[in-house]
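For reference, the structure is listed below as structure tokens.
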């Protein structure tokens, strides 16, 4: 009885960053499996011409749910809630996050948000609007049931969860650094998560406002988006993408942080190449992300000068991103590149994220985008940067830090072969979609002309390969837990501060005393005799 | 706390309770919108709201215990809480930003083309800004000034070691904050009267819905700010901020009150003065 009470208190009433991080990992992996299942349904539908699902609304619902689940319940929780919660206090050598109780609230609100989303998919035909929920399709006239309302509230709850978590991260990384940890000496993951958090605090409320307006339009007789009352659906599109573009940077910036750590440790280097320019690059990507939202709206009838402006600023984002990719490659140059699974994932990230970025440059040109908007070219682009950018970075980080979190190791040979099959799978799935988009196949449509059968079939085969790779991954994790090959010494250099300390997995509490031994006040001290934390 | 100077919090059930309350409130709200389940809905809504309220109140009570009674609020913790609250206010600023965007989009943006440049649209009578809205502006600004001076009084009360002088400062703080609260309540009353007598409603096209959305959310924030100030008033009464205890709660409450005040100033210029075109009939500037 007491054991049960202890278990309940430990996992439901937690104020411990490691436990909350573990919960976020479990939650995000579960959600990732759900999102993958939804994606398989999509690919099953699109494998052959003609309809497999009787109901077009169901197909639209699956597409919507796939997007929302992957973005809000896989990538963000794992990167920010999972890696962030576990690693930031360890890297900064502090006892816990700044607001340990609010940390728990962020997790449980996210659980509530998932329940609301699941509720939305079950009632009244579901919300078949796409993850962008544009009115008038999402207005009361075309989705008169409860589904869109549940969806709106789900995003509200998830938004509050993210904003509170971001406040927590910003305060922790900005104000809880010990004496010698000048801000430019923070680890790359801290810095990237800090910028991500700032983006979240500023952009999420704008989505909340837009969603509130949609809710009021649906139920309280307002006409924000209804031309009958002199409203305009394009207002929603502006508000959504003002949030939506920073959101996609929120998805990728933590991945940049993780890759920086993985590449540095995997190349046996003491320092990341050009760490401070990298940090400035991250900040500029974050800032520029706020002024490019129009590139998602090139086809709404925008003024040609506005299109020219948005194209130009979007092109500019390629520059800091290029700085980062070149710096990662330079970090690997001349180092002893370890033959570890995490380096395979990191190498895959560098290549495939760059490819995705290049197709992004194609789409940034307004003239080209007018042809390619809402085609599978766009789908291919963002799946390259997400499925192969963010997800590969998550795999890399997971393989790198798994022994830290759990104290056991995954079989490296199987992990490398799982990487190979996943690599083949995702590329087979998404590369053909470039051609489909170029030949005009629209997205979010249940059927397509027979001539497009070939590449669609190929893409669907790829998705099955990815699914099998995912099952293989689950097997690898399961086997590592039952075989219990315990970690004794981490084979990383002393510059990786999260690995310091005794014993893996790390203990419940962190050190009771700041082990750098320097005073907290001494933030301007440059009399550093230590190198640690210099990633 | 170890030797780190930060709080090592014990396990707390309040986050779970708040999350439950939010889930219940949102689900019952959806049911309410769709007239589902009849009589059960108000009950569910009430229960969820109470759960949420209880969780939130007990959480803040815990914070009061940790600060005033357990003394866990070192200067590091206070710094975290003050800046964390400022970041929260930043997120609120961007929440209002989205509604101001809608206001501008209709007033001078795309929609204004269909409105033929008329703002307010033809048929909507703008509220005369130099009566009630101006009174509200004066009420809020004065209230802000009084709350600011109550901060000063509390700081003196806290530093003062002589009991009698400390008592005087406490009474001063109570008086100043009370005036601030009364002025804020008056604002809400006056604004409610204006809502009652206004010639247009939230359903009156894009002007009506943007106007009421902006002013309505502002009013909700005023209510929240007032509750915060009232709680601080009682805490001053109960000597929570005496004997060198810091008054983080009051500092945050007054910061929030200033934020609410600044939003009203923006509202006054953009939502009241602009539709009335500053002086009757003429534009001071052209777009």
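The values are calculated or read from the model by the stated rules, or taken from the named source; none is laboratory data. A quick note: this is a predicted structure, and the numbers were derived from the prediction, not measured. All Cβ positions, even for glycine, are placed from backbone atoms using ideal geometry, and neighbour counts span all protein chains on display.
Which of the residues that make up the stretch B:31-54 are assigned to a loop (DSSP other than H, G, I, E, B) and either closer than 20 Å to residue A:119 by Cα or in contact with a strand residue (DSSP E or B) (Cβ under 7 Å, 6 or more places away or on another chain) (or both)? Lay out the reasoning, then the answer.
Restricting attention to the stretch B:31-54, the residues satisfying the condition of being assigned to a loop (DSSP other than H, G, I, E, B) are B:34-39.
B:34, B:35, B:36, B:37, B:38, listed by residue number.
Exactly one of these conditions fails for residue A:455: (1) farther than 30 Å from residue B:3 by Cβ; (2) touching a residue at least 24 places away in the same chain (Cβ under 8 Å); (3) touching a helix residue (DSSP H, G or I) at 6+ places or on another chain (Cβ under 7 Å). Give me its number.
(2)
Across the stretch B:6-57, what is the total count of residues that are facing another protein chain (nearest Cβ under 8 Å) and either within 23 Å of the chain's Cα centre (by Cα) or surrounded by 14 or more Cβ atoms within 10 Å (Cβ to Cβ) (or both)?
Kept after step one, since they are facing another protein chain (nearest Cβ under 8 Å), are these residues of the stretch B:6-57: B:6-16, B:18-20, B:22-23, B:26-27, B:29-31, B:33-34, B:36.
Then drop every residue that is not either within 23 Å of the chain's Cα centre (by Cα) or surrounded by 14 or more Cβ atoms within 10 Å (Cβ to Cβ) (or both), which leaves B:6-9, B:11-16, B:18-20, B:22-23, B:26-27, B:29-31, B:33-34.
Final tally of qualifying residues: 22.
Are any residues in the stretch B:100-135 within 11 Å of another protein chain (Cβ to nearest Cβ) and under 24 Å from the mean Cα position of the chain (by Cα), and if so, which ones?
B:100, B:101, B:102, B:103, B:104
Among the residues of the stretch B:64-74, which ones are assigned to a helix (DSSP H, G or I) and free of Cβ contacts under 8 Å to residues at least 12 places away in the same chain?
Looking only at the stretch B:64-74, we keep the residues that are assigned to a helix (DSSP H, G or I), and these are B:64-69.
Answer for the stretch B:64-74, where residues must be assigned to a helix (DSSP H, G or I) and free of Cβ contacts under 8 Å to residues at least 12 places away in the same chain: B:65, B:69.
For residue A:510, all conditions in the list (1) modelled with pLDDT of 95 or more; (2) surrounded by 17 or more Cβ atoms within 10 Å (Cβ to Cβ) hold save one; what is the number of the exception?
Single failed check for residue A:510: (1).
Would it be correct to say that residue B:128 is over 25 Å from residue B:227 (Cβ atoms) and not in a helix (DSSP H, G or I)? Give the derivation first.
Values: over 25 Å from residue B:227 (Cβ atoms): yes; not in a helix (DSSP H, G or I): yes.
Judged against the criteria, residue B:128 is a match.
In the stretch A:262-271, is there at least one residue being at pLDDT below 95, surrounded by fewer than 18 Cβ atoms within 10 Å (Cβ to Cβ), touching a helix residue (DSSP H, G or I) at 6+ places or on another chain (Cβ under 8 Å) and in a loop (DSSP other than H, G, I, E, B)?
So far as the stretch A:262-271 goes, yes, one or more of its residues are at pLDDT below 95, surrounded by fewer than 18 Cβ atoms within 10 Å (Cβ to Cβ), touching a helix residue (DSSP H, G or I) at 6+ places or on another chain (Cβ under 8 Å) and in a loop (DSSP other than H, G, I, E, B).
Regarding residue A:494, is this residue touching a residue at least 40 places away in the same chain (Cβ under 8 Å), over 27 Å from the mean Cα position of the chain (by Cα) and over 25 Å from residue A:391 (Cβ atoms)? Walk me through how you get there before you give the answer.
Details: touching a residue at least 40 places away in the same chain (Cβ under 8 Å): no; over 27 Å from the mean Cα position of the chain (by Cα): yes; over 25 Å from residue A:391 (Cβ atoms): yes.
Answer is no for this residue.
Restrict the check to the stretch A:91-98 and report whether at least one residue is away from every other protein chain (no Cβ under 14 Å), assigned to a helix (DSSP H, G or I) and in contact with a helix residue (DSSP H, G or I) (Cβ under 6 Å, 6 or more places away or on another chain). Steps first, please.
We begin by selecting, within the stretch A:91-98, every residue away from every other protein chain (no Cβ under 14 Å); these are A:91.
Of the ones still in play, those that are also assigned to a helix (DSSP H, G or I) are A:91.
Retained after the next criterion (residues that are in contact with a helix residue (DSSP H, G or I) (Cβ under 6 Å, 6 or more places away or on another chain)): A:91.
The answer is yes, given that some residue of the stretch A:91-98 is away from every other protein chain (no Cβ under 14 Å), assigned to a helix (DSSP H, G or I) and in contact with a helix residue (DSSP H, G or I) (Cβ under 6 Å, 6 or more places away or on another chain).
Filter the stretch A:1-48 for residues that are part of a helix (DSSP H, G or I) and out of contact with any helix residue (DSSP H, G or I) (no Cβ under 8 Å at 6 or more places or on another chain) and give the result.
Quick first cut of the stretch A:1-48, residues part of a helix (DSSP H, G or I) only: A:2-12, A:17-47.
The answer is A:2, A:3, A:4, A:5, A:6, A:7, A:8, A:9, A:26, A:30, A:37.
Please find, among A:179, A:158, the residue that is touching a residue at least 24 places away in the same chain (Cβ under 8 Å) and outside any helix (DSSP H, G or I).
Values: A:158 fails: outside any helix (DSSP H, G or I).
Every option except A:179 fails the conditions.
Quick one: is residue A:81 within 9 Å of chain B (Cβ to nearest Cβ), touching a helix residue (DSSP H, G or I) at 6+ places or on another chain (Cβ under 6 Å), at pLDDT 95 or above and assigned to a helix (DSSP H, G or I)? Walk me through how you get there before you give the answer.
Working: within 9 Å of chain B (Cβ to nearest Cβ): no; touching a helix residue (DSSP H, G or I) at 6+ places or on another chain (Cβ under 6 Å): yes; at pLDDT 95 or above: yes; assigned to a helix (DSSP H, G or I): yes.
No, not satisfied.
So which residues in the stretch B:168-217 are within 14 Å of another protein chain (Cβ to nearest Cβ), surrounded by fewer than 19 Cβ atoms within 10 Å (Cβ to Cβ) and closer than 23 Å to residue B:257 by Cα?
B:216, B:217
Among the residues that make up the stretch A:403-422, is at least one of them touching a helix residue (DSSP H, G or I) at 6+ places or on another chain (Cβ under 9 Å), surrounded by 17 or more Cβ atoms within 10 Å (Cβ to Cβ) and under 30 Å from residue A:57 (Cβ atoms)?
Looking through the stretch A:403-422, none of the residues is touching a helix residue (DSSP H, G or I) at 6+ places or on another chain (Cβ under 9 Å), surrounded by 17 or more Cβ atoms within 10 Å (Cβ to Cβ) and under 30 Å from residue A:57 (Cβ atoms).
Determine if the stretch A:49-58 includes at least one residue that is assigned to a helix (DSSP H, G or I) and buried (at least 23 other Cβ atoms within 10 Å of the Cβ).
Residues of the stretch A:49-58 assigned to a helix (DSSP H, G or I): A:56-58.
Checking the rest, the ones that are also buried (at least 23 other Cβ atoms within 10 Å of the Cβ) come to none.
No; the residues of the stretch A:49-58 include none that is assigned to a helix (DSSP H, G or I) and buried (at least 23 other Cβ atoms within 10 Å of the Cβ).
Inspect all residues belonging to the stretch B:221-235 and state whether any of them is modelled with pLDDT under 95 and buried (at least 21 other Cβ atoms within 10 Å of the Cβ).
no
Might you let me know whether the stretch B:72-85 holds any residue that is facing chain A (nearest Cβ under 8 Å) and over 26 Å from residue B:242 (Cβ atoms)?
The answer is no, given that none of the residues of the stretch B:72-85 is facing chain A (nearest Cβ under 8 Å) and over 26 Å from residue B:242 (Cβ atoms).
Where the second residue is assigned to a helix (DSSP H, G or I) and surrounded by 20 or more Cβ atoms within 10 Å (Cβ to Cβ) and the first is free of Cβ contacts under 8 Å to residues at least 12 places away in the same chain and lies in the stretch A:289-316, which pairs have Cβ atoms under 7 Å and are six or more apart or on separate chains?
A:302/A:294
Every residue, every condition in (1) within 9 Å of chain B (Cβ to nearest Cβ); (2) assigned to a helix (DSSP H, G or I), yes or no:
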residue	(1), (2)
A:217	yes, yes
A:223	yes, no
A:231	yes, no
A:235	yes, yes
A:240	no, yes
A:244	no, yes
A:248	no, yes
A:252	no, yes
A:255	no, yes
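Going by what's in this entry, would residue B:89 be described as touching a residue at least 40 places away in the same chain (Cβ under 8 Å), more than 24 Å from residue B:261 (Cα to Cα), within 11 Å of chain A (Cβ to nearest Cβ) and under 20 Å from the mean Cα position of the chain (by Cα)?
Numbers: touching a residue at least 40 places away in the same chain (Cβ under 8 Å): yes; more than 24 Å from residue B:261 (Cα to Cα): no; within 11 Å of chain A (Cβ to nearest Cβ): yes; under 20 Å from the mean Cα position of the chain (by Cα): yes.
No: the conditions fail for residue B:89.
Before we move on, is residue A:104 part of a helix (DSSP H, G or I), at pLDDT below 95 and either over 25 Å from the mean Cα position of the chain (by Cα) or crowded, with 19+ Cβ neighbours inside 10 Å (or both)? Break it down stepwise before answering.
On the way: part of a helix (DSSP H, G or I): yes; at pLDDT below 95: no; either over 25 Å from the mean Cα position of the chain (by Cα) or crowded, with 19+ Cβ neighbours inside 10 Å (or both): yes.
No: the conditions fail for residue A:104.
In the stretch A:143-162, what count of residues is obtained for those that are under 11 Å from residue A:205 (Cα atoms) and facing another protein chain (nearest Cβ under 9 Å)?
Count: 2.
Taking residue A:113, is it more than 20 Å from residue A:14 (Cβ to Cβ), within 14 Å of another protein chain (Cβ to nearest Cβ) and surrounded by 24 or more Cβ atoms within 10 Å (Cβ to Cβ)? First the steps, then the outcome.
Values: more than 20 Å from residue A:14 (Cβ to Cβ): no; within 14 Å of another protein chain (Cβ to nearest Cβ): yes; surrounded by 24 or more Cβ atoms within 10 Å (Cβ to Cβ): yes.
No: the conditions fail for residue A:113.
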